[in-house]
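Chemist: Sending over a structure as structure tokens; questions will come in a sec.
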Amino acid sequence: MILVTGANGQIGTVLTEALREAFGEDQVLATDIKKPDGHTGPFEMLDILNTQRITEIVGDYNITTIYHLAAILSANGEWNPQKTWNINLNGSLSILELARAQGVRKVFFPSTIAVFGPTTPRISTPQHTVIEPSTVYGISKATNELWCNYYFNRYGLDVRSVRYPGIISYQSMPGGGTTDYAVDIFHQALLTGQYTCFLKAHTRLPMMYMDDAIRATLELMAAPQEKIKIRTSYNLAAMSFTPAELAEEIKKHIPDFKIMYEPDHRQEIAESWTESIDDHEARKDWDWKHDFNLETMTIEMLKQLKLKYNHV
Ligand code: AKB
């Protein structure tokens, strides 16, 4: 059976559904600190720091694969660095350790472009590069990547990982990240026709549509062992854009849409990250290809959210 931690989160919500579609509802155990309203299918409440409870769950449900998504994101992480470190680093390390000890066959660990920092090359950031992140989220994810590599080399644990860019989805909301504006903007464009962005107009960041992120995750996990050459985490890319460019794209569909800018503390985080990512290793090793670009993602987001909000 498959275990998903952080199953209520932005990626967890959609990934759990995709896994259930692929492997059967009863084959995927969703876990999180709270049970979402209306959740159907196997679910357990789980605090990622409760190692004893995770051990019991892995044993009781005969877990063979873990998708460990529970984490505090970049912007929220800065409010309480100790707690963020504890959940992001210690929570993940205990997942790796109990996966090894309890014979779990595969682990997926989500890393992020937040592992990059101000000293990393900003354009077409290479796979192997300077990693000096400035947020506690980035520091914890970069350290996690090294632990993943360690558990693979030392114990042969089949742990696989990608560095997600900002993820754009209509199904679920992000929470506490620096790239969240790229989801909020669509909701506000449809609901109010305007959006006040917390990043400056020309802040370029790597982004990806949720469908691509989910497919990347499933393809990485399904790839034959010998194709996985990188056990820290693969760079992964689809598109890069600025808030101004996204607003222009939205205006093609909602001509009166207005964007205002009120940058806050998240601007500094965004500026510490890179603008675009070189993901040729993922493309070469396990045939990664993205489908969605800025134009097609915008069309799809507006179409799906219009249905949600009952616009015609
Ligand atoms: C965040 O903004 O913190 C996340 C990420 C890029 O990892 N979306």
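The values are calculated or read from the model by the stated rules, or taken from the named source; none is laboratory data. A quick note: this is a predicted structure, and the numbers were derived from the prediction, not measured. Using ideal geometry, Cβ is built from the backbone for each residue, glycine included, and neighbour counts are taken over all protein chains shown. Protein only, heavy atoms only, side chains kept; ligands, DNA and RNA dropped before computing areas. Shrake-Rupley method; radii C 1.70, N 1.55, O 1.52, S 1.80 Å.
Chemist: Just checking, how many residues over the stretch 217-246 are part of a loop (DSSP other than H, G, I, E, B) and in contact (Cβ under 8 Å) with a residue 40 or more places away in the chain?
Modeler: 11
Chemist: If you don't mind, another one. Looking at Tyr209 and the list (1) more than 14 Å from the ligand (Cβ to nearest atom); (2) closer than 25 Å to Asn144 by Cα; (3) aromatic (Phe, Trp, Tyr), which single condition is not satisfied?
Modeler: Result: Tyr209 fails condition (1) only.
Chemist: List the pairs whose first member sits in the stretch 165-185 and is on the phi > 0 side of the Ramachandran plot and small (Gly, Ala, Ser), whose second member is within 10 Å of the ligand (Cβ to nearest atom) and part of a loop (DSSP other than H, G, I, E, B), and whose Cβ atoms are under 6 Å apart, counting only residues at least 6 apart or on separate chains?
Modeler: Within 6 Å, the pairs are Gly176/Leu73.
Chemist: Out of curiosity, is Ile139 part of a helix (DSSP H, G or I), of a type in the set (Val, Ile, Thr) and touching a residue at least 24 places away in the same chain (Cβ under 8 Å)?
Modeler: Considered against the rule, which asks whether it is part of a helix (DSSP H, G or I), of a type in the set (Val, Ile, Thr) and touching a residue at least 24 places away in the same chain (Cβ under 8 Å), Ile139 comes out as yes.
Chemist: While we're looking at this one, here's another question. So which residues in the stretch 109-128 are open to solvent by 40 Å² or more (accessible area, probe 1.4 Å) and more than 16 Å from the ligand (Cβ to nearest atom), if there are any at all?
Modeler: Thr119, Pro121, Ile123, Ser124, Pro126, His128
Chemist: Another question, then. Out of all the residues in the stretch 62-72, is one or more among the aromatic types (Phe, Trp, Tyr) and either closer than 23 Å to Pro165 by Cα or touching a residue at least 40 places away in the same chain (Cβ under 8 Å) (or both)?
Modeler: So far as the stretch 62-72 goes, yes, one or more of its residues are among the aromatic types (Phe, Trp, Tyr) and either closer than 23 Å to Pro165 by Cα or touching a residue at least 40 places away in the same chain (Cβ under 8 Å) (or both).
Chemist: Also: Restrict the check to the stretch 208-230 and report whether at least one residue is closer than 27 Å to Thr16 by Cβ, open to solvent by less than 10 Å² (accessible area, probe 1.4 Å) and touching a Pro at 6+ places or on another chain (Cβ under 7 Å).
Modeler: yes
Chemist: Same structure again: Identify all residues within the stretch 247-300 that are in a strand (DSSP E or B) and either open to solvent by 60 Å² or more (accessible area, probe 1.4 Å) or among the aromatic types (Phe, Trp, Tyr) (or both); write none if there are none.
Modeler: Lys258, Met260, Tyr261
Chemist: Mind checking which residues of the stretch 173-202 are open to solvent by 10 Å² or more (accessible area, probe 1.4 Å), touching a helix residue (DSSP H, G or I) at 6+ places or on another chain (Cβ under 9 Å) and within 14 Å of the ligand (Cβ to nearest atom)?
Modeler: Of everything in the stretch 173-202, those that are open to solvent by 10 Å² or more (accessible area, probe 1.4 Å), touching a helix residue (DSSP H, G or I) at 6+ places or on another chain (Cβ under 9 Å) and within 14 Å of the ligand (Cβ to nearest atom) turn out to be Met173, Pro174, Gly175, Gly176, Thr179, Asp180, Phe198.
Chemist: Still on this structure, I have one more. Right, Phe152: closer than 19 Å to Leu73 by Cβ, in contact with a strand residue (DSSP E or B) (Cβ under 6 Å, 6 or more places away or on another chain) and away from the ligand (no atom under 12 Å from the Cβ) or not?
Modeler: It is false that Phe152 is closer than 19 Å to Leu73 by Cβ, in contact with a strand residue (DSSP E or B) (Cβ under 6 Å, 6 or more places away or on another chain) and away from the ligand (no atom under 12 Å from the Cβ).
Chemist: Now, a different point. Residues that are surrounded by fewer than 24 Cβ atoms within 10 Å (Cβ to Cβ) and in a helix (DSSP H, G or I): does the stretch 60-70 have at least one?
Modeler: Taking every residue of the stretch 60-70 in turn, at least one turns out to be surrounded by fewer than 24 Cβ atoms within 10 Å (Cβ to Cβ) and in a helix (DSSP H, G or I).
Chemist: Follow-up. Test of understanding: among Gly24, Gly41, which residue is more than 19 Å from Gly91 (Cβ to Cβ), surrounded by 15 or more Cβ atoms within 10 Å (Cβ to Cβ) and over 22 Å from the mean Cα position of the chain (by Cα)?
Modeler: Gly41
Chemist: Quick one: in the stretch 71-82, which of the residues that are assigned to a helix (DSSP H, G or I) and more than 9 Å from the ligand (Cβ to nearest atom) is surrounded by the most Cβ atoms within 10 Å (Cβ to Cβ)?
Modeler: If we take residues in the stretch 71-82 being assigned to a helix (DSSP H, G or I) and more than 9 Å from the ligand (Cβ to nearest atom), then Pro81 is surrounded by the most Cβ atoms within 10 Å (Cβ to Cβ).
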